[in-house]
Amino acid sequence: MKIIQIETTKRDEMIDITRAVQDFVDFKDVSTGAVIVQSLHTTAGITVNENADPDVKTDFLRRLDEVFPWEHQSDLHAEGNTAAHLKTSTTGHAQTILIHEGELLLGTWQGIYFCEFDGPRKRSFAVSLLS
């Protein structure tokens, strides 16, 4: 297992971590199996989505903001980041990606994203192999 540190720069952003995950698989020299990628935070998730058109990330974050506005008059959580918790539960805190012939088994347009919903912050995610 490896813990990878990243720094986010915005309150809401999606950072492509595909290369970091593939580098871990390469380092471990795994041909077949699976890798689990897990956020270590309650206000940041992991998702697999399109990585070709940057507008997908923009639309994704905007639509989450529409569903979970940052300020809501009924929210009781003292930190004021209820929206971030809801967004994380929606995207999920982890993803499992298959490995085939040493490569992450992703579709042509797929990438793995660390989803920041309460930044900017120093963050961590874990990668671990199942082989």
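Express the carbon and sulfur contribution to the solvent-accessible surface of region 1-104 as a percent, rounded to the nearest whole number, probe 1.4 angstrom. Carbon-and-sulfur percentage of accessible area, whole number: 50.
In the chain, the ratio of gyration radius to Kirkwood radius, Rg to Rh, stands at 1.00 when only Cα atoms are counted.
Summing charges over neighbours of LEU104, with a neighbour being any other residue whose Cβ is under 13 Å away from its Cβ, gives -3 when K and R count +1 and D and E count -1.
Calculate the length of the line joining the C-alpha centroid of region 95-110 to that of region 34-70, in whole Å. Rounded to whole Å, the Cα centres lie 18 Å apart. Counting every C-alpha pair in region 6-58, the share spaced more than 16 angstrom apart comes to 52%. The residues of the chain expose on average 57 square angstrom of accessible surface per residue, using a 1.4 Å probe on protein heavy atoms. Could you tally the net charge around GLN22, taking each other residue with its Cβ under 14 Å from the Cβ of GLN22, Lys/Arg +1 and Asp/Glu -1? Charge balance in the 14 Å sphere: -3.
The values are calculated or read from the model by the stated rules, or taken from the named source; none is laboratory data. These numbers were taken from a predicted model, which means no experiment stands behind them. Reconstructed Cβ throughout: ideal geometry from the backbone, glycine too, with neighbour counts over all protein chains shown. Heads up: the accessible areas ignore ligands, DNA and RNA and are worked out on the full protein's heavy atoms, side chains in. Shrake-Rupley method; radii C 1.70, N 1.55, O 1.52, S 1.80 Å.
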